[in-house]
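The values are calculated or read from the model by the stated rules, or taken from the named source; none is laboratory data. Small disclaimer: the values here were computed from a predicted structure and weren't measured. Positions of Cβ are backbone-derived with ideal geometry, glycine not excepted, and every protein chain shown enters the neighbour counts.
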Amino acid sequence: MKKTLLTIATVVAFITGCTGGIDYVVHYGDGERETIYVEVPGETIEVPTYVEVEVPGETDHGEIWVDSFDQPQSVDGVDILWIIDTSGSMSRYDPELIAGIEAMMNALPESGWRLAMMSNDPTRAVTEAQFPLVPGDDIADAMDMYSVMGRGASEEGFDSAYEYIMNNSYATTWMRADAALLVVFVSDEEDQSNAWFSDVNDFKSWYSSLRGGSAFLASIVNVSQTDSVCLSPPSPIDVGDRYMEATNHFSGVVVDICAEDWAPGVLDASNRLEPYESLELTYVVSDEATIRVFINGVLNWDWHYQASDNTVYFNVFPGGNDHVEIAYHYDPDDPYGTGTEQDTGDTGA
């Protein structure tokens, strides 16, 4: 959600829609979206499918920003797995862990969810056999589950997810094929899976095949030294690059494990499971007439904008797995509409 990625086809349509008269024709190469060609008078230019960060250029309306999200597939309920590093160094994060799980339980719907915890040691995950937490359970029940779950020394979150989902006979008694799936990885070390997923791309491919597109990820890990809020920056070998790469691939939520409060990130991950009916924009729109909404790259007008809360509301909700992009102009000198110039400090991620 709220990424600054826009297909070149959308860029062209947006610029044309705002200014009118740009002589562009867009062609996709061989029916694929990986490479496209922009035809201008006298030549054809090959361009990448995605333009990163902000769309270049400043106009009378301000600069262009793009917020985006993928609409969750309509499903019945959600199965949640917290795959937790159980090595000795993780004990210092127990208060944040329990508070994060409590925040998620409180944020979930009143019915339809099930939540289990397990070690990121695959040999423990494959034999974990605790009944999941369900609506009506409280944090005391969660603490009981955490206190008795199997513990191991391996740091293999990807492989643990596979072993529990695919090879744990108890998991088959409660996990549902028609429910969404959310896996939350928690670790202060990098993923070291080497049985099923030594290559992170193999994990992404397998995980994307689950639940008809309704499989989501979140990671609570060591982030890069430049972004970390740890008092002592983590060693590069402990940064959860593989976890973050997989999570970002699924547009999930990454939380710095050193954050004092994991709840905001956990709540964001929980909200990802609910279909979007509206989207509050990152920046204040400088001119309502510049807003363009694209669903799967196609211009769409089934929405309305409410300036009082800077939110786009969908008159017809986007369908499951639809990719939605909302492009608009904003004032970079006053991005939040406060009337004072300020540094945004925002990446749009």
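Would you be able to say whether some residue in segment 71-79 is over 21 Å from the mean Cα position of the chain (by Cα), surrounded by fewer than 17 Cβ atoms within 10 Å (Cβ to Cβ) and over 18 Å from Val253 (Cα atoms)? No: segment 71-79 contains no residue that is over 21 Å from the mean Cα position of the chain (by Cα), surrounded by fewer than 17 Cβ atoms within 10 Å (Cβ to Cβ) and over 18 Å from Val253 (Cα atoms). Only one of the numbered conditions (1) within 20 Å of Trp262 (Cα to Cα); (2) exposed (fewer than 13 other Cβ atoms within 10 Å of the Cβ) is not met by Glu110, and that is (1).
Applying the selection to segment 157-173, what residues are under 15 Å from Leu115 (Cα atoms) and either part of a helix (DSSP H, G or I) or among the β-branched types (Val, Ile, Thr) (or both)?
Ala161, Tyr164, Ile165, Ala171, Thr172, Thr173
Against the numbered list (1) assigned to a strand (DSSP E or B); (2) aliphatic (A, V, I, L, M); (3) more than 27 Å from Met105 (Cα to Cα), Ala195 comes up short only at (1). Could we say that Ala246 is touching a helix residue (DSSP H, G or I) at 6+ places or on another chain (Cβ under 6 Å), under 19 Å from Glu156 (Cβ atoms) and crowded, with 17+ Cβ neighbours inside 10 Å here? Yes, satisfied.
Looking only at residues in segment 250-287 that are at pLDDT below 85 and in a loop (DSSP other than H, G, I, E, B), the one that is nearest to Ser228 (Cα to Cα) is Ser251. Would you check if there is a residue in segment 248-260 being over 18 Å from Phe185 (Cβ atoms) and either aromatic (Phe, Trp, Tyr) or outside the structural domain of His304 (by TED's automatic domain parsing) (or both)? Yes, because at least one residue in segment 248-260 is over 18 Å from Phe185 (Cβ atoms) and either aromatic (Phe, Trp, Tyr) or outside the structural domain of His304 (by TED's automatic domain parsing) (or both).
Checking each residue in segment 318-335 for being outside any loop (DSSP other than H, G, I, E, B) and either crowded, with 21+ Cβ neighbours inside 10 Å or touching a Cys at 6+ places or on another chain (Cβ under 8 Å) (or both) picks out Val324, Glu325, Ile326, Ala327, Tyr328, His329, Tyr330. Can you confirm whether Ser205 is assigned to a helix (DSSP H, G or I), among the small types (Gly, Ala, Ser) and farther than 14 Å from Ala116 by Cα? So Ser205 fits the description; yes. All of (1) touching a strand residue (DSSP E or B) at 6+ places or on another chain (Cβ under 7 Å); (2) closer than 16 Å to Ser219 by Cβ hold for Val78 with one exception: (2).
Consider segment 213-249 and keep the residues that are closer than 30 Å to Ala177 by Cα and assigned to a loop (DSSP other than H, G, I, E, B). The one that is modelled with the lowest pLDDT is Ser214.
What are the residues in segment 110-127 that are part of a loop (DSSP other than H, G, I, E, B), charged (D, E, K, R) and under 17 Å from Met90 (Cβ atoms), if any? Across segment 110-127, the qualifying residue is only Asp121. Taking residues in segment 259-278 that are free of Cβ contacts under 8 Å to residues at least 60 places away in the same chain and surrounded by fewer than 18 Cβ atoms within 10 Å (Cβ to Cβ), and partners anywhere that are among the hydroxyl-bearing types (Ser, Thr, Tyr) and not in a loop (DSSP other than H, G, I, E, B), the pairs with Cβ atoms closer than 8 Å and at least 6 places apart or on different chains are Glu277/Tyr313; Ser278/Thr311; Ser278/Tyr313. Flag not set for Met90, criterion: at pLDDT 85 or above and either in a loop (DSSP other than H, G, I, E, B) or surrounded by 23 or more Cβ atoms within 10 Å (Cβ to Cβ) (or both).
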